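Undergrad: So that we are looking at the same thing, I have put the structure below in structure tokens.
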Amino acid sequence: MAVCVAIIGKDNSPKFLSSLNPDEELCFQYKILSSLDIVEEKIHGVNRATDNRELFLGLLYALETHKIYGYVTNTKMKFIIVVDSSNIALRDNEIRSMFRKIHSEYADIICNPFYIPGEPITFKSFANNIKNIMTGTV
Amino acid sequence: MRSSVSYILSSTTSEPNMSHPDYEQFTHDHAALLILIRQIGSQLKSKTFYKFFDRISKNNNVKITDSTGQVRNIFIRYVKQHPVENNDWGDFQTHRRLLGLITLGKYDTQVELNEICRVHESLKVKYTSTLYDSRCILFGPPKETDSPVDISSSSDDNTKSSDNEGDAANRNPDDCIEKYTTPSNFKTRALFYSESSPCSDLEDQLIEFIHSLFWILESKRLERSREKLERVSLLLAPFEKKDFVGLDMESRNNKKRCAGRMTKRLGDLCLQAGLLNESLVYYATAADTLKTINDWLWLGAAYEGHCAASSIVLYPNIQRGTGLHRNASLQEGSPKKIPTSPITNVTDIGNLRKTMTNLLAPEEIAKKYREAIIHYSKYQNAGIVETEASFKAARIAVEQNHALQAASFLQNVVYINLTLSEQEKIERFETLADLYTQIGFIRKASFCQRLAATRYVSPQNPSPNWSQCYNLMVQSLPGHRLTLDPVEVKNNDQGWPALQIQLLQELVVAAKRMGHSALATRHMTFLLQTMWKHLSPTEQKELCIQLQSLAAQCEGAPVALVLDSGAIIPPANLTNIPICQVFTLRSLQPHLQPRKLKIMKQDSGPFLFTPIHFGSLERNSTEPKTKMDFLWVEGDLCSVSLKLLNPLPFELKVSDMRLLSSGVVFESIPETVILPPDSATLVTLSGTPKEHGELELQGYSTHALGVKSNCRLKHMEGFLPHFTVQIVPSLPIIEVTTSLPQSASFSSLRDFDSVITSASLSLYHGENSDCIITLTNKSQISIEYLEISIQSALDSRTQDKMFVWSDEAVQSQLPIQPGGSATIKLNLYAQASFIAPLQGTQDLNSGTFGSSFIGSAASAGPSSLPSRLNSPNHSLPGRRTDISSSFRSSNSGHSSTTGWRSPANLMLPQNVFSSLVEGQLQLRYSGGPGFEAEQCRTCSVFFTLEILPSLQVTNWDVLPADTPSHFYLVLDIANLTSQEMELEYAPSKTMHIEGHESCRVPVPVERCPLSKFKSLYTENLEETKSESSLDLDKIYSEHIAELVDLKWQLSATEAKGKASLQGITLAPSMLDIVGMSPILWEIQINGSLVKPQEEISCEAGDCLELLVKVTNCLDESLHQIMLCVQFYQDYENGNLNYRMEARLAMTGTQRYPIACLDPQQTEKYTANVIFFSSGQYKLGVKCSTPENSTSAITNENTIGHLWKFIPPVNFIVT
Amino acid sequence: MCDQSVFEIFHSELVNYVIQNNETQLKNTSKTHGEDLSNLEYIGFSTGFRIIERLTRELPRFRDELDTMKFICTDFWSAIYMKQIDNLRTNHQGIYVLQDNCFRYLSKLSNTKQYLDLSPRYVTFTCGLLRGSLANLGIRSIVTAEVQTMPSCKFHIQVQRN
């Protein structure tokens, strides 16, 4: 069960952010912003693993209270999931499947003619779906 | 990274400050000798101290040849401060021990010198546990000789610990040349310099000092290395002292422990002494040993040492210090690169791995370091070591260009649980930020900077430093994709708005607490400006209120602020409060607009017409242009209208709004406006250009919420970057007043805008009146050029008659000085046709007669004009040729010259209404510099003339008069007013006509002389005769109009005027009466000439001889004339009796044809007549040409002419 | 199978609509232009931009530009046109030529030189499609098409590096 999900665009500006606890949102924003550095490094860094063909980047940061996972699509959209550290039951595979679901949601939304790529996503149905993915009720 | 093993609970000692972390450590420092340089006393300026510090620090690498001839590479590390407690860790890691001390001091007197020496000694005592040697550099007063004298003194140290050996030998102070001596208990070597001296041997002295340190170290190392491992004592880290109490010292584990620890220690010493290879061996051995016994702490230390040594081998040129720029060529510390400088004392430099078997490969360095840190993390009290180790590892990773690894090491730092003072925490974050920046993690770096900033002012901080906090926050801005320049922020919008807002708010708070209220205001303005669209409405409102309160202390202004640190904060302009939606330049009012004096014809080249549009008009109309089409005038009030929207939910007062401009000088008038919430308001900003040329309007400035902003259009969305207007030189302004009252309403004539006043008047037809127009020059420029013209819908002829003024009179009044005035006397004349129009088919017997007419040719203009003024020139259907005859028949014989009142059956014309004539008097004026620039202004006066009908000639007829030179023009004149009219129709003949009544007046008129129409007959006779008769008609009517002058006067209103008979038409039968007869009659009765009005008496039965001579007075010959002589009796009651057969007898024919009468030819006709009975007889003699006779010669249709001898001859027969 | 023909018909209708729109606009503004297919290209661009997300969802990350182009030639083309690109050539400096010997939209038009002058209309959409897809994958490019004999078509992709 993710605590926060963020979708970040090609230019590293936030397109969508949703968290279960709105009070912590600012705090999450900071954390996610910092984790972008790691993402950038993993994608573009000199020492990146050249044979990593996966879109899933794995654990980016393990903070005291949260863990941050990253995923970058081929179109350079970045998805970030923040998970509570105390939630040890959440395995890697579950995280991957969450990312896949988010990716398919995103692919759907980009085909929506009312959505202009590059702008923040403000669709209610999208937000609802992401919330469902976060809480695992999909 | 931290180990999941719970803390190994070493006894928590009560020393809170066990040691202080040194964030600047590199792994290479493991191999360095630590020397402290301190300043003593306050005499020495800190700048000098730093200068010397830098100078001394340069000697950080010394090559010393040891006793075996091996060259050792010795590194030295110089620090400015060193907490004593760190020395306690010297056992654990030898590089932490302070080995050397250098102090600098300045003195001017002996007392000061003594004081410096005393302090030095106390410092020595402080560090005595580890200090090997010290030096004291003393700067004496400038008067000193510059040759340094070496006065050294030795000391007998009371060595408590075996590590500290004695200093250089004692030497008593010799007699020296200076007056100053060190005190007697000063046991350190002192170097005397004068401050200004170049201190040339300072370096040598230092090198010698380092040598001495080295030898001490070397000796210790050798001593250690000779010890047997089995018998070594246990080395302890400071907090471990209590752990090993009561442990079995003889167990194998313990032995191993001792041995391992000592091996590690040896490794340290070798490293410091420059023996890299051996240190590697020792470390490896120690690690293996300690691993077996799970001595985590020292195992970690061994690993760390191993990594340090390897890194020194692999990356010998690592740059240290945050102040230094990383040399680009050194960035890629390619791990496989063979170091170029021989740094070890190993003689063969081949494959390093072969000679240094324990050398770690770079990946292994990282791995081992990680393990070391994990081991450290198991110990709660080893936090400092762990922290420093993390930093060192990160620096290695940076050197290896492995950002992720470095990041993970750095991340670990934050989790280390240390009790740090606030300053240390700040330093920690700053170091973290710096390292993150080095690996390119700018966001993380700015995050750390922000944390450091908050630490500066946290509640636990005893000395909050807001300015530092502020500085750090400003430094963290780029990481959040923010700069302080609003224009840049607008361009790249990539940041995370929520975080940016948070940061800016913190910045505002910091600035405010710093005391720099201008800065606080500036940042708040910046926040509102750049983050406006990301703020929610409540936030917007709150922040605005905050801004207001901030600005109350210090107003915001659009200037760049310069901070003490030299940073320049660019201005932030609030363009969102209020939002400008429309910015349009307004042209001047039409009567003030400058226009070109001479309108040049548009040159479209050689083509008269072309379907190709050169200059493509369509393109011009679609794009909005920045250059305005209209012109503004220098010195005049020009305005721009803005539509402002107040986005806040409360009322906003915007004061001091001006226009921003460049180009010519433009004085803008400030405006203040209060905008109601959530609505758009139109505001007009005005200004006066003070010069002529091109003016560029770039925006406007506001003062809202206490902040002054310059809102430039080029930074605002949806606007062109600027607008340019051409300013023409100044022109005068006039004010126009008329002597007439103003009219109530205007109609829609073209060019209506420049009307500035109006005048209305009502006139009767034919009446004229004067209107005085006064022009006052209201400006400071004299008017040099004035042009007057009239514009109306009338045709030019009528217009010229109706509006008359004298141009010369006007021009003579120029130039009109400022404040002066000129008058134009305009004469208004109600021109109209007095002739009634055709009134359709009439009943002949009813006594009303219409007549066709030719109206004055007026254009088919707007419907406001009387409709009677339009009819084409050529339709003359069915001319009533018999009207006149019947008219005449009912009035036959009437030759009195008095008119009579209209009979009741003379009806008034039905459809004559008053009409409205509108015209504009246009004034074009110019003067001064505007005149030189060929510009002028136009304004106009709108005239409304109500034309009331006065009289109308409803009918007319001609009657022959008694004399052949005149005829009577009988006019039916209708008085269309409601007042009594007095009509003068002939000199000294007047008639009174009641209102709305008509009367008949006979007007004697001279017959049209032959000269006027003779020319007709000389023209080409092949034209149709109808035309020629028309021309005759016109000539006659002109003749009549010239001669007839009707003056009327209304008795009630005293209005008077003239009526002209312009446009009167004559039926063909009238023509002969009007025009002089071309035939010259001469009638003789019995040989005597008959005079007009003469009565001839004779007796019945007398034979009278009648001789008629007819002379053709024209220049042309007349053809086919029938001379007709006829007697008749006039019964005086309108009856004529032509049947005279019984009354008289005539010889000769009654009709005598004359085939052709040449010019000036005379024909005679004779006849005799005898009257049978008495009575009154008349003789009518006439000549006629037949109608519709086709002359074989001329082949034309003629209309008959009839010329009579007037008056008929009267015969009285008795 | 039937949905493919639906899209073909839809595509032809799209081309017709755009051409007609152009003509009415031409009448209104009385500007004389060549055939304005930029609208059609933009439609293709927008479509490509959006659809590439869906198409690359399950695929592993592309290593480099060449990898991306190979994907275009194989998976992408078969997803849309039911076949792969027949020939890919590159000069390794940013120019790629994709050759399709039987381009689906042109194959129904003619087999010879007939209607050659009308062929640009039918390949513009695909040019935009390629440009949009590449743009979303981070490759800015200019895509043009060249038709010499129907129904074979070559797409020239010029990658813009700055």
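The values are calculated or read from the model by the stated rules, or taken from the named source; none is laboratory data. What you see is a predicted model; the values in this text were computed from it and never measured. Cβ atoms come from the backbone with ideal geometry, glycine included; neighbour counts cover every protein chain shown.
Undergrad: Show the residue pairs that are 6+ apart or on different chains and have beta-carbon atoms under 9 Å apart, the first residue being within the range B:531-542 and among the acidic types (D, E), the second being outside any loop (DSSP other than H, G, I, E, B).
TA: Final answer for the pair search is B:E539/B:I501.
Undergrad: Also, I was wondering about something else. For the range B:1043-1059, give me each residue that is surrounded by fewer than 20 Cβ atoms within 10 Å (Cβ to Cβ) and part of a loop (DSSP other than H, G, I, E, B).
TA: Hits for the range B:1043-1059 are B:D1045, B:S1051, B:A1052, B:T1053, B:E1054.
Undergrad: I would also like to ask the following. If B:A510 satisfies all but one of (1) crowded, with 21+ Cβ neighbours inside 10 Å; (2) among the small types (G, A, S); (3) within 14 Å of chain A (Cβ to nearest Cβ); (4) more than 32 Å from the chain's Cα centre (by Cα), what's the number of the condition it fails?
TA: The one condition B:A510 does not meet is (3).
Undergrad: Could you list, in sequence order, the residues of the range A:52-103 that are at positive phi and part of a strand (DSSP E or B)? Outline the logic, then answer.
TA: Within the range A:52-103, the subset at positive phi is A:58, A:76.
Listed by number, the list holds a single entry, A:G58.
Undergrad: Output the strands (runs of 3 or more DSSP E) that fall wholly within the range B:695-778 and possess 1 or more residues being within 36 Å of the chain's Cα centre (by Cα) and modelled with pLDDT under 80, or say none.
TA: B:755-764
Undergrad: Can you work out which of the residues in the range B:518-545 that are surrounded by 17 or more Cβ atoms within 10 Å (Cβ to Cβ) and not hydrophobic (A, V, I, L, M, F, W, C) is nearest to B:V474 (Cα to Cα)?
TA: Step by step, filter the range B:518-545, then rank; the result is B:H523.
Undergrad: Out of curiosity, is B:T521 touching a Cys at 6+ places or on another chain (Cβ under 6 Å), hydroxyl-bearing (S, T, Y) and either within 13 Å of chain A (Cβ to nearest Cβ) or part of a helix (DSSP H, G or I) (or both)? Break it down into steps so the answer makes sense when it comes.
TA: Working: touching a Cys at 6+ places or on another chain (Cβ under 6 Å): yes; hydroxyl-bearing (S, T, Y): yes; either within 13 Å of chain A (Cβ to nearest Cβ) or part of a helix (DSSP H, G or I) (or both): yes.
For B:T521, the condition - touching a Cys at 6+ places or on another chain (Cβ under 6 Å), hydroxyl-bearing (S, T, Y) and either within 13 Å of chain A (Cβ to nearest Cβ) or part of a helix (DSSP H, G or I) (or both) - is met.
Undergrad: Among the helices (runs of 4 or more DSSP H) contained in the range B:268-331, which hold 3 or more residues that are at pLDDT 80 or above and within 16 Å of B:C258 (Cβ to Cβ)?
TA: Values: elements: B:276-293, B:296-314, B:328-331.
Once the helices (runs of 4 or more DSSP H) in the range B:268-331 are filtered for at least 3 residues that are at pLDDT 80 or above and within 16 Å of B:C258 (Cβ to Cβ), what remains is B:276-293, B:296-314.
Undergrad: Filter the range A:122-138 for residues that are surrounded by 14 or more Cβ atoms within 10 Å (Cβ to Cβ) and in contact with a Lys or Arg (Cβ under 8 Å, 6 or more places away or on another chain) and give the result.
TA: A:I133, the sole residue that qualifies.
Undergrad: Let me ask something additional. Just to verify a result, which residue in the range B:551-575, among those that are touching a Pro at 6+ places or on another chain (Cβ under 7 Å) and in contact (Cβ under 8 Å) with a residue 24 or more places away in the chain, is surrounded by the most Cβ atoms within 10 Å (Cβ to Cβ)?
TA: Pass one, the range B:551-575, residues touching a Pro at 6+ places or on another chain (Cβ under 7 Å): B:558-560, B:571-573.
Those still in the list that are in contact (Cβ under 8 Å) with a residue 24 or more places away in the chain too: B:558, B:571-573.
Working: B:P558: 19, B:P571: 21, B:A572: 26, B:N573: 24.
Among residues in the range B:551-575 that are touching a Pro at 6+ places or on another chain (Cβ under 7 Å) and in contact (Cβ under 8 Å) with a residue 24 or more places away in the chain, the one surrounded by the most Cβ atoms within 10 Å (Cβ to Cβ) is B:A572.
Undergrad: Which residue, of B:Q505, B:Q548, B:Q494, is surrounded by fewer than 21 Cβ atoms within 10 Å (Cβ to Cβ), within 26 Å of B:N646 (Cβ to Cβ) and within 14 Å of chain A (Cβ to nearest Cβ)? Steps first, please.
TA: Numbers: B:Q548 fails: within 14 Å of chain A (Cβ to nearest Cβ); B:Q494 fails: within 26 Å of B:N646 (Cβ to Cβ).
The conditions single out B:Q505.
Undergrad: Name the residues in the range B:55-74 that are touching a helix residue (DSSP H, G or I) at 6+ places or on another chain (Cβ under 9 Å) and assigned to a loop (DSSP other than H, G, I, E, B), would you?
TA: Passing the criteria: B:K58, B:N59, B:D66, B:S67.
Undergrad: Output the qualifying pairs, or none if there are none: Cβ atoms under 6 angstrom, residues six or more apart or on different chains, first residue in the range B:469-498 and farther than 21 Å from B:V559 by Cα, second residue at pLDDT below 80 and surrounded by fewer than 19 Cβ atoms within 10 Å (Cβ to Cβ).
TA: Qualifying pairs under 6 Å: B:R481/B:Q494.
Undergrad: Now for a separate question. How many residues are within 23 Å of C:R50 (Cα to Cα) and either within 9 Å of chain C (Cβ to nearest Cβ) or surrounded by fewer than 17 Cβ atoms within 10 Å (Cβ to Cβ) (or both) if we restrict to the range A:60-95?
TA: The initial filter retains those residues of the range A:60-95 that are within 23 Å of C:R50 (Cα to Cα), namely A:70-80.
Within this subset, residues satisfying the condition of being either within 9 Å of chain C (Cβ to nearest Cβ) or surrounded by fewer than 17 Cβ atoms within 10 Å (Cβ to Cβ) (or both) are A:72-77.
Number of matching residues: 6.
Undergrad: Please specify each residue of the range C:59-104 satisfying the condition of being more than 13 Å from every other protein chain (Cβ to nearest Cβ), over 28 Å from C:F10 (Cα atoms), surrounded by 13 or more Cβ atoms within 10 Å (Cβ to Cβ) and not hydrophobic (A, V, I, L, M, F, W, C).
TA: Result: C:T90, C:G94, C:Y96.
Undergrad: State whether the residues of the range B:476-490 include one that is away from chain A (no Cβ under 14 Å), surrounded by fewer than 23 Cβ atoms within 10 Å (Cβ to Cβ) and in contact with a strand residue (DSSP E or B) (Cβ under 7 Å, 6 or more places away or on another chain).
TA: Yes: the range B:476-490 contains one or more residues that are away from chain A (no Cβ under 14 Å), surrounded by fewer than 23 Cβ atoms within 10 Å (Cβ to Cβ) and in contact with a strand residue (DSSP E or B) (Cβ under 7 Å, 6 or more places away or on another chain).
Undergrad: Another question about this same structure. B:S334: farther than 23 Å from B:I64 by Cβ, modelled with pLDDT under 65 and assigned to a helix (DSSP H, G or I), yes or no?
TA: Details: farther than 23 Å from B:I64 by Cβ: yes; modelled with pLDDT under 65: yes; assigned to a helix (DSSP H, G or I): no.
Answer is no for this residue.
Undergrad: Looking at the range A:96-111, can you tell me whether even one residue there is away from chain C (no Cβ under 14 Å), more than 21 Å from C:L55 (Cβ to Cβ) and either without any contact (Cβ under 8 Å) to a residue 40 or more places away in the chain or more than 17 Å from the chain's Cα centre (by Cα) (or both)?
TA: To start, the set of residues in the range A:96-111 that are away from chain C (no Cβ under 14 Å) comprises A:98.
Imposing the further condition that a residue be more than 21 Å from C:L55 (Cβ to Cβ) reduces the set to A:98.
Those left that are additionally either without any contact (Cβ under 8 Å) to a residue 40 or more places away in the chain or more than 17 Å from the chain's Cα centre (by Cα) (or both): none.
Within the range A:96-111, none of the residues are away from chain C (no Cβ under 14 Å), more than 21 Å from C:L55 (Cβ to Cβ) and either without any contact (Cβ under 8 Å) to a residue 40 or more places away in the chain or more than 17 Å from the chain's Cα centre (by Cα) (or both).
Undergrad: Shifting gears a bit: Could you tell me whether B:L131 is in a loop (DSSP other than H, G, I, E, B), at pLDDT 55 or above and buried (at least 17 other Cβ atoms within 10 Å of the Cβ)?
TA: Values: in a loop (DSSP other than H, G, I, E, B): yes; at pLDDT 55 or above: yes; buried (at least 17 other Cβ atoms within 10 Å of the Cβ): yes.
Spelling it out, B:L131 is indeed in a loop (DSSP other than H, G, I, E, B), at pLDDT 55 or above and buried (at least 17 other Cβ atoms within 10 Å of the Cβ).
Undergrad: Please work out which one of (1) assigned to a loop (DSSP other than H, G, I, E, B); (2) under 15 Å from the mean Cα position of the chain (by Cα) is the condition C:A79 fails and give its number.
TA: Going through the list (1) assigned to a loop (DSSP other than H, G, I, E, B); (2) under 15 Å from the mean Cα position of the chain (by Cα), C:A79 breaks only (1).
Condition check ((1) at pLDDT 85 or above; (2) away from chain C (no Cβ under 14 Å); (3) surrounded by 15 or more Cβ atoms within 10 Å (Cβ to Cβ)) across all residues:
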residue: A:I8; (1), (2), (3): yes, yes, yes
residue: A:S18; (1), (2), (3): yes, yes, yes
residue: A:V39; (1), (2), (3): yes, no, yes
residue: A:V46; (1), (2), (3): no, yes, no
residue: A:T50; (1), (2), (3): no, no, no
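Undergrad: Sort out which residues of the range A:16-45 are in a helix (DSSP H, G or I) and polar (S, T, N, Q), and write them in order of number.
TA: To start, the set of residues in the range A:16-45 that are in a helix (DSSP H, G or I) comprises A:22-44.
Result: A:Q29, A:S34, A:S35.
Undergrad: Going by the structure shown, is B:L685 assigned to a strand (DSSP E or B), aliphatic (A, V, I, L, M) and out of contact with any helix residue (DSSP H, G or I) (no Cβ under 6 Å at 6 or more places or on another chain)? I'd like the intermediate steps shown before the answer.
TA: Numbers: assigned to a strand (DSSP E or B): yes; aliphatic (A, V, I, L, M): yes; out of contact with any helix residue (DSSP H, G or I) (no Cβ under 6 Å at 6 or more places or on another chain): yes.
Considered against the rule, which asks whether it is assigned to a strand (DSSP E or B), aliphatic (A, V, I, L, M) and out of contact with any helix residue (DSSP H, G or I) (no Cβ under 6 Å at 6 or more places or on another chain), B:L685 comes out as yes.
Undergrad: List pairs: first residue in the range B:1094-1121 and in the same structural domain as B:A1142 (by TED's automatic domain parsing), second residue acidic (D, E) and surrounded by 16 or more Cβ atoms within 10 Å (Cβ to Cβ) anywhere in the structure, Cβ distance under 6 angstrom, at least six positions apart or on different chains.
TA: B:V1110/B:E1163
Residue by residue, here is whether (1) buried (at least 24 other Cβ atoms within 10 Å of the Cβ); (2) at pLDDT below 85; (3) at the interface with chain A (Cβ under 10 Å from one of its Cβ atoms) holds:
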{"residue": "B:E364", "(1), (2), (3)": "no, yes, no"}
{"residue": "B:Y376", "(1), (2), (3)": "yes, no, no"}
{"residue": "B:T387", "(1), (2), (3)": "yes, no, no"}
{"residue": "B:S390", "(1), (2), (3)": "yes, no, no"}
{"residue": "B:A403", "(1), (2), (3)": "yes, yes, yes"}
{"residue": "B:Y415", "(1), (2), (3)": "no, yes, yes"}
{"residue": "B:Y456", "(1), (2), (3)": "yes, yes, no"}
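Undergrad: Here is a list of conditions, (1) within 13 Å of chain C (Cβ to nearest Cβ); (2) within 11 Å of the chain's Cα centre (by Cα); (3) of a type outside the set (A, V, I, L, M), and A:E54 meets all of them except one; can you say which number that is?
TA: Result: A:E54 passes all but (2).
Undergrad: What number of residues in the range B:937-970 are within 20 Å of B:E767 (Cα to Cα), aliphatic (A, V, I, L, M) and more than 60 Å from the chain's Cα centre (by Cα)?
TA: Result for the range B:937-970: 2.
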